[in-house]
Amino acid sequence: MPFVTLDSVAVRSPDGRTLFDNLTLVLGRERTGLVGRNGVGKTTLVRLITGEQAPYAGSVGVTGRIAVLRQAHEPAPGAAVADLLGVAGPLARLERIERGAAEGDDFEAADWTLPARLEAALPDMGLADLPLERPAASLSGGEATRVALAALIVAEPDLIVMDEPTNNLDAVGRAAVAAMLERWKGGALVVSHDRSLLRRMDRIVELSGLGARTYGGGYDLYAERKAEEEAAAARGLDEAQRVVARTAREAQEARLKKQKRDAAGLRARARGDAPKMLLDARAERAEGTGARLGAIAERRQADAAAQLEEAEARVERIRRLAFDLPPSGLAAGKLVLGFDQVAFRWPGGPALLNGLSFRITGPERVAVTGPNGAGKTSLIRLAVGEAEPTGGTVVRGVRAAMMDQRTSVLRPGETLIEAYRRLNPGANDNAAHAALARFLFRNEAALKRVEALSGGERLRAALACVLTGPSPPQLVVLDEPTNHLDLESVEAVERALAGYDGALLVVSHDREFLDAIGIDREICLRRPS
């Protein structure tokens, strides 16, 4: 029996825009990966399933118990780990019973198996030594996510819904999520762009404005099918273009033949060598035939134009984003960045870096890896001059630009044209339009406001603003660039960075992303002891 059934569901945004229409989907005891472009309505679909939002049309039926892992895990003021796990009240009830101070319906409401479930769930998530009374606000993003995962296990629902579960996790945390899903016996809906995680799904559901399309198997089969669809759409477009050209040519040939017949008739009438009645009959027949052939030609051309429009729309729906980064002009032997015995600690905090030395020369591609809390963000802030070392020296040999997860180089409230001109003071509107068009923000798209952009659009816009000015940076520093991108945007950024001729310094837990952009070497940090 399915746990959730969505039947002919339609959803509209507050401004009346249709997010998706006629969506039919059944969720049962299988692992389903949900993918789709940013803004298409994946989070809205989660809200429909959990009952937080009603559909504009259609119905949502739920027969099982659902638990949700959301992207943000903001604890309430004063909350402890037990509160995040949802067990503070039930544990307090068991504690009262144990010390002989039971109240009201404590015995009837007691969850007697809770301690055993906690004892199994916390080690599964790498949290065996985590005190339940620890303040939730003291947890790192990765720790908070793992606590939320443990809460799912403890709750034992029929269906778990996970919204980007690996976004803030290091390699250990990502492995824990994957292992949890491998062991999970109920149903799972996983909204994710993590290709490694999507490979573990039983099926992939792609959400678009037209509804949901299901692909059996994991990510690799989905990618293969999508490539086949893209090739078929391209072939269909080529054929439609040939049909349009052929019908136009045939129509032109028909017009020329008619013109020749008309001219011959006029010459015969001028010579007077045939009766006028015969000539009039021929002219009438020719006129009728010409009109009939003209109507047929117009209908064929209209049909061909409609087929071409449909083929173009089909290609546009599946077309991959594609943009190139401009050349940096970085010389092969140029010192880009040098760390010499660098130490760093934030005021009042522990030492994050101690005696770190490395050099980046020319267009090298270097990844900074390591567990959460190891100092990766501190290292890249040192690299771009947003922080200074507490020991040792940092040599910054070229101009650098950093793209953090939120692309804070862009400011809410400004348009992309305004952002470009702020970051490139010498540029006029024409130069800004030209630069943004190179990154697929053409015409009115360049007038979008920053807050209206998806994650992929923000990163693309930030790259356009900082890389196409008169003095482009020769070192691009990226901090978890794929966290808020959809699959299509991740692949577009990979292709662009793979062809970039400058230096890259990248913090990422996404191993496939690092492989795709051609990382030369890694700086692996360890968490301070």
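Filtering region 28-45 to residues that are under 20 Å from Tyr56 (Cα atoms) and modelled with pLDDT of 95 or more leaves nothing. For region 106-129, name all the residues that are in contact with a Lys or Arg (Cβ under 8 Å, 6 or more places away or on another chain), at negative phi and not acidic (Asp, Glu). Once the filter is applied, which keeps residues that are in contact with a Lys or Arg (Cβ under 8 Å, 6 or more places away or on another chain), at negative phi and not acidic (Asp, Glu), region 106-129 yields Ala109, Ala110, Met125, Leu127.
Has region 33-52 got at least one residue that is more than 23 Å from Asp486 (Cα to Cα) and within 25 Å of the chain's Cα centre (by Cα)?
The answer is yes, given that some residue of region 33-52 is more than 23 Å from Asp486 (Cα to Cα) and within 25 Å of the chain's Cα centre (by Cα).
This table checks each residue for (1) more than 21 Å from the chain's Cα centre (by Cα); (2) under 20 Å from Pro481 (Cα atoms).
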| position | (1), (2) |
| --- | --- |
| Thr145 | no, yes |
| Ala148 | yes, no |
| Ala151 | yes, no |
| Glu156 | yes, no |
| Leu159 | yes, no |
| Asn167 | no, yes |
| Arg174 | no, yes |
| Val177 | no, no |
| Glu182 | yes, no |
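Within region 435-452, can you find the residues that are open to solvent by 60 Å² or more (accessible area, probe 1.4 Å) and aliphatic (A, V, I, L, M)? Once the filter is applied, which keeps residues that are open to solvent by 60 Å² or more (accessible area, probe 1.4 Å) and aliphatic (A, V, I, L, M), region 435-452 yields Leu447, Ala452. If you go through region 6-27 and keep only what is open to solvent by 20 Å² or more (accessible area, probe 1.4 Å) and closer than 24 Å to Arg200 by Cα, you end up with Thr24, Val26. Checking each residue in region 357-380 for being open to solvent by 40 Å² or more (accessible area, probe 1.4 Å) and within 13 Å of Ala343 (Cα to Cα) picks out only Ser357. Restricting region 238-247 to residues that are touching a helix residue (DSSP H, G or I) at 6+ places or on another chain (Cβ under 7 Å) and in contact (Cβ under 8 Å) with a residue 60 or more places away in the chain leaves a set whose member that is surrounded by the most Cβ atoms within 10 Å (Cβ to Cβ) is Ala240. The single residue among Ala432, Ala516 that is open to solvent by 10 Å² or more (accessible area, probe 1.4 Å) and of a type outside the set (D, E, K, R) turns out to be Ala516.
Within the option set Glu108, Glu103, being assigned to a loop (DSSP other than H, G, I, E, B), open to solvent by 50 Å² or more (accessible area, probe 1.4 Å) and not polar (S, T, N, Q) holds for one residue only, Glu103.
Does region 332-350 hold any residues that are modelled with pLDDT under 95 and loosely packed, with under 14 Cβ neighbours inside 10 Å, and which are they? Correct list: Ala332, Gly333, Trp346, Pro347, Gly348, Gly349, Pro350. Residue count for region 361-398, restricted to those that are β-branched (Val, Ile, Thr) and in contact with a helix residue (DSSP H, G or I) (Cβ under 9 Å, 6 or more places away or on another chain): 3.
Does at least one position in region 227-237 carry a residue that is under 19 Å from the mean Cα position of the chain (by Cα), of a type outside the set (S, T, N, Q) and either under 30 Å from Ala374 (Cα atoms) or surrounded by fewer than 21 Cβ atoms within 10 Å (Cβ to Cβ) (or both)?
Pass one, region 227-237, residues under 19 Å from the mean Cα position of the chain (by Cα): 227, 230.
Filter once more, keeping what is of a type outside the set (S, T, N, Q): 227, 230.
Among the residues that remain, those that are also either under 30 Å from Ala374 (Cα atoms) or surrounded by fewer than 21 Cβ atoms within 10 Å (Cβ to Cβ) (or both) are: 227, 230.
Looking through region 227-237, at least one residue is under 19 Å from the mean Cα position of the chain (by Cα), of a type outside the set (S, T, N, Q) and either under 30 Å from Ala374 (Cα atoms) or surrounded by fewer than 21 Cβ atoms within 10 Å (Cβ to Cβ) (or both).
Can you find even one residue in region 81-103 that is of a type in the set (Val, Ile, Thr) and in contact (Cβ under 8 Å) with a residue 40 or more places away in the chain? Looking for residues that are of a type in the set (Val, Ile, Thr) and in contact (Cβ under 8 Å) with a residue 40 or more places away in the chain, one finds at least one in region 81-103, hence yes.
Within region 25-50, residues that are without any contact (Cβ under 8 Å) to a residue 12 or more places away in the chain have Cβ atoms under 8 Å from residues that are open to solvent by 10 Å² or more (accessible area, probe 1.4 Å) in these pairs: Arg47/Gln53, counting only partners at least 6 apart in sequence or on another chain. Scanning region 59-77 for residues that are among the β-branched types (Val, Ile, Thr) and assigned to a loop (DSSP other than H, G, I, E, B) turns up at least one hit.
Residue-wise test of (1) over 30 Å from the mean Cα position of the chain (by Cα); (2) farther than 23 Å from Ala498 by Cα; (3) aromatic (Phe, Trp, Tyr).
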| residue | (1), (2), (3) |
| --- | --- |
| Phe339 | yes, yes, yes |
| Arg345 | yes, yes, no |
| Asn354 | yes, yes, no |
| Val384 | no, no, no |
| Ile417 | no, yes, no |
| Arg422 | no, yes, no |
| Ala431 | no, yes, no |
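Residue check: Arg526 meets all listed conditions (1) of a type outside the set (S, T, N, Q); (2) open to solvent by less than 10 Å² (accessible area, probe 1.4 Å); (3) assigned to a loop (DSSP other than H, G, I, E, B) but one, namely (2).
One line per residue, one yes/no per condition, for (1) open to solvent by less than 50 Å² (accessible area, probe 1.4 Å); (2) within 23 Å of Asn372 (Cα to Cα); (3) in contact (Cβ under 8 Å) with a residue 12 or more places away in the chain:
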{"residue": "Ala128", "(1), (2), (3)": "no, yes, no"}
{"residue": "Ser138", "(1), (2), (3)": "no, yes, no"}
{"residue": "Leu152", "(1), (2), (3)": "yes, yes, yes"}
{"residue": "Glu156", "(1), (2), (3)": "no, no, yes"}
{"residue": "Glu164", "(1), (2), (3)": "yes, yes, yes"}
{"residue": "Glu182", "(1), (2), (3)": "no, no, yes"}
{"residue": "Gly186", "(1), (2), (3)": "yes, no, yes"}
{"residue": "Asp202", "(1), (2), (3)": "no, no, yes"}
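Can you confirm whether region 28-38 contains a residue that is in a helix (DSSP H, G or I), under 26 Å from Gly456 (Cα atoms) and open to solvent by less than 10 Å² (accessible area, probe 1.4 Å)?
Here is the first cut: in region 28-38, the residues in a helix (DSSP H, G or I) are none.
Checked region 28-38: no residue is in a helix (DSSP H, G or I), under 26 Å from Gly456 (Cα atoms) and open to solvent by less than 10 Å² (accessible area, probe 1.4 Å).
Residues that are within 23 Å of Glu480 (Cα to Cα) and touching a Lys or Arg at 6+ places or on another chain (Cβ under 6 Å): list the strands (runs of 3 or more DSSP E) wholly contained in region 337-442 that include at least 1 such residues. Counting at least 1 such residues, we get 351-361, 365-369. Total residues in region 323-341 satisfying the condition of being farther than 30 Å from Leu440 by Cα and either of a type in the set (Lys, Arg) or touching a helix residue (DSSP H, G or I) at 6+ places or on another chain (Cβ under 8 Å) (or both): the figure is 3.
The values are calculated or read from the model by the stated rules, or taken from the named source; none is laboratory data. Keep in mind it's a predicted model, so treat the numbers as computed, not measured. So basically every Cβ, Gly included, is an ideal-geometry build from the backbone, and we count neighbours across all protein chains shown. These area figures cover heavy atoms from the full protein model, side chains too; ligands, DNA and RNA do not enter into them. Shrake-Rupley method; radii C 1.70, N 1.55, O 1.52, S 1.80 Å.
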